[in-house]
Structures are given as structure tokens and as C-alpha cells.
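Okay, so here's the structure we're looking at.
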Amino acid sequence: MQNPTFSPRRFPIISTGLHVSDEQPVGIGRRASLLSGLKVVDLTHFLAGPFGSMVLADMGADVLKVEQITGDSTRRTPPYFFEGDSAYFLSVNRNKRSIALNLRAAEGRAVLLRIVAEADIILDNMRSEQRERLGLTFEDLKEVNPRIISCSINGFGSDGPYNRRPAYDIIVEALSGVMSLTGPVGGPSVRAGVPIGDITAGLYAAIAALGGLEHLRRTGQGQHIDVSMLDSQISLLSYLAQYHLTGGLVPTHQGRAHVSIPTYNTFATKDGSEIVIAANTQEMWRALCVALGRPDLVDDPRFGTGADRLVHQGELLPILQGEFMKWTAEELDRALVDAEVPVAPINGVDVALANVQVRHRNMVVKVRHRSGKDFLTVGTPLKPDDAHGEEFSSPPALGADTASVLMSLGYTKDDVSELARDGIVGLVDG
């Protein structure tokens, strides 16, 4: 069934300024040390793979970003730049080193295999035929390192009728059904406001790589793990997929509400803001009614149980909306927090990044760029109690670590110069 949402008119998102403090200092970004000593070879580019490898780097892994000679294309993604680096690139490439390598040349592949021989994990976002063409299949990698954990991230996986098709976030959101659920009731469909197709695949890749290490610990054997963006999006369908598989429901646009819980919803306030509540339990329902000054609703037989409220949501939602319109967002937030009813304003990104809880948790941090200047970025949500590591390091210049990596593998300075002259490797960019 379709979930109707009471929406008498459209309200813009208005940054309310609730719980914001401009006086709270911005902390220094700091990695964990959970994966210290772990060597990760990152052959990925764009977003999904780099996000996943950044998660590993944030936990302390030594991540070597292997880039084509011209560099990851996101280095040049407009419109915002800091000291020559695109904001896009800055967002997913901290705490990494960079080597520029021509993998189309046999000498370049030989360099990579020497790196793999000393690595623990390798991430790629190539299709299966690309790995075969470059001699980088798991069978090839095992010959130089039988303990390697190889994780491939791509749009549709390494097999199946779609495995050769290119994919981007919006493609997998559409194919998976996620876009059919996103948007106002009745449509149109819209993509998620953040690139969940890419980010979910990146997170699953990090989980898969760590799972591979556990497999290695138990068996002594390396492993190849396939992560598909489409598979990852299908997994996000969660209970909505189960509603279809169990009850035959074909869910549609979810709007601003929940398909099962009408008091898990969005409401307008009298100052033109929007606020969300999640009164999921019977206790929360009672607390909401009392806080709104409508204890009579608790005893109304139409709204007695969660099932009753779902059946009669067409009557309930206009009543609640009318009550919410008597309050400003700030007044309502304070009253419902005091009543222990989950509540939040719909913040703009600017307000969210200035939120006192966000700042307290160091989710906005300073990083020293390699230029010597500081820039602000999003912090890591991974915060161990007693495994704090070093400060975040700047996203690397293209080829910044080419020479040092090669020399650690036994190449001489003359060898490095010759490889650079032959276009096999690229040295530091500017």
C-alpha cells in the first residue's frame, strides 16, 4: 500500500540554528591505530573505492594509492579547489600515499607486482576482463603473494549478464529500486542526496577486506572478494524488500514518512521550519501527546495502538500537524527532548556541520595540507577508546611517493629516473 503523508503545502528547508555553536574550536583530525602495519594497495579511483580505502587508512593502514600517470580524474573535478586539489579529491583521499604508474606497460605491471608481494590487501575497481587484460586477476596476484586479500569493487560484480556494463551511483540507485522509493509520495523519483551507491559499496569493500584478513588468520589462505554496487544497493532495501517478498507489497515513494509508523514523520512548525519525530513506541506516543497538550489522543480508540494509528493515519496526521503549527521549531525541540521523544530539526548542511554534538565528536576537523595551509574536512566516525594514532595526513600529490616506494623495493635512483623517462612511472606533480 502507499503511505499517505499529510502535506498541506511545500516547506523549504530552513536552517534553524538549533544546537549550533560557532565558538567551539575545531579539532585536529586524528587516525586510529587499529590497523597499524597493514599495507593496502589501492588501485581504485572516483568515489566508491577511494572511500573504502580511506576507511582503512583512517584506521591506521598504510594505503598506497596507485594512480595512472595522469592521476585520478577526481583531482580535477570542479567547482571547488584548495591549493590545487579539488574538494572532491580532498574528501576521500586523506591519509594515503601516491605512486603514479603506467599499468599498460609490462614494466609498470612488474613494479605493481613487487608492491603486491609485500602487501596485505589490494583494492581495485576494474571489471573482470580489465583485470585479465592487465594480468591482475587473483590467480596472477596469488603467484607473487599467496596471502593477499584482493577485493574488487565494480558496478555489477565480476559475473552475470551486466558485468561488462559501466555503472555510476545514479545507475545503481535506479536499477536497485532505491530511486523508486525516494521522493515525495506519488513521485517523481529522485536520487539520494548523498551518493549512497558509491559509499555503500566502499563501506562493504572495507568490511570485506577485513573479513578476508580474518579468513587468512584462520586458514592461511588469501582470498578474492567481489563487491557489486548493485548488490550493495539491493541490500539497503532491507525491510522494504522483505515486505515485498513476504507480503507482496510493491513499495513506492516513501516521502517524508515511514510505511509502518505514522508518528515517524515530518511536520511543519509555525516559524516555517520543518521538524521530524520518531515516536516509535507506545511510551513515546503517550509522551508526545502529553507534550503537545493533547493527552486526550492517548485514549482515543482510533489511535490506541500502533496498528490503530496506522489504519487511521489519514485522521491522525492532520491533527498532529495542527498541533505542531502552534510551536516554533525551537520550542518544540525543547519540549520533546524534555519528554524523551526523539526529535530533530531538518538542518541544512551548514547547520549540521556546526552542530554542537558534531563538533564535540570531531566530525569537522583541521588537516594540514601539504602546501602548509590547513583545510577543514569531515572527521572519521571510527573512534577507539585507546588506539589513537597520528594526525590526519594531507591527500597526496600525484606521484608524491613514487621514488620512495620504488627505492624501498630495491630500485636505485638511476632506475627511478629511467622508469620516469620511459613513461612507466610519474614523479611528484609540481
Take the residues of segment 328-360 that are modelled with pLDDT of 95 or more and part of a loop (DSSP other than H, G, I, E, B): which is surrounded by the fewest Cβ atoms within 10 Å (Cβ to Cβ)?
E340
Report the residue count in segment 160-181 for those that are within 22 Å of F46 (Cβ to Cβ) and touching a residue at least 24 places away in the same chain (Cβ under 8 Å).
13
What is the residue count in segment 144-177 for residues that are buried (at least 17 other Cβ atoms within 10 Å of the Cβ), more than 30 Å from L216 (Cα to Cα) and within 16 Å of the chain's Cα centre (by Cα)?
3
With respect to G197, determine if the residue is under 23 Å from A257 (Cα atoms), small (G, A, S), surrounded by fewer than 18 Cβ atoms within 10 Å (Cβ to Cβ) and within 20 Å of the chain's Cα centre (by Cα).
no
Identify, by number, the condition in (1) surrounded by 15 or more Cβ atoms within 10 Å (Cβ to Cβ); (2) in contact (Cβ under 8 Å) with a residue 40 or more places away in the chain; (3) under 26 Å from P188 (Cβ atoms) that Y264 doesn't meet.
(2)
What residue, of A167, A119, is assigned to a loop (DSSP other than H, G, I, E, B), out of contact with any His (no Cβ under 6 Å at 6 or more places or on another chain) and farther than 29 Å from S404 by Cβ?
A167
So, of the residues in segment 374-387 that are in a loop (DSSP other than H, G, I, E, B) and surrounded by fewer than 16 Cβ atoms within 10 Å (Cβ to Cβ), which turns out to be farthest from the chain's Cα centre (by Cα)?
D386
With respect to V63, determine if the residue is part of a strand (DSSP E or B) and closer than 30 Å to S235 by Cα.
yes
The strands (runs of 3 or more DSSP E) lying entirely within segment 184-297 that contain at least 1 residues which are under 30 Å from R127 (Cα atoms), among the small types (G, A, S) and at pLDDT 95 or above are 223-228
Tell me, please, whether a residue that is free of Cβ contacts under 8 Å to residues at least 24 places away in the same chain, outside any loop (DSSP other than H, G, I, E, B), of a type in the set (D, E, K, R) and more than 28 Å from R218 (Cβ to Cβ) can be found in segment 76-94.
yes
Odd one out for S371 among (1) part of a loop (DSSP other than H, G, I, E, B); (2) surrounded by 14 or more Cβ atoms within 10 Å (Cβ to Cβ); (3) not acidic (D, E); (4) not assigned by TED's automatic domain parsing to the domain that holds F82:
(2)
Whether any residue in segment 388-409 is assigned to a loop (DSSP other than H, G, I, E, B), over 17 Å from S98 (Cβ atoms) and not β-branched (V, I, T) is what I want to check.
no
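The values are calculated or read from the model by the stated rules, or taken from the named source; none is laboratory data. Note that the structure is a prediction, hence the values are computed from the model and not measured. Note: ideal-geometry Cβ built from the backbone for every residue, glycine included; neighbour counts use all protein chains shown.
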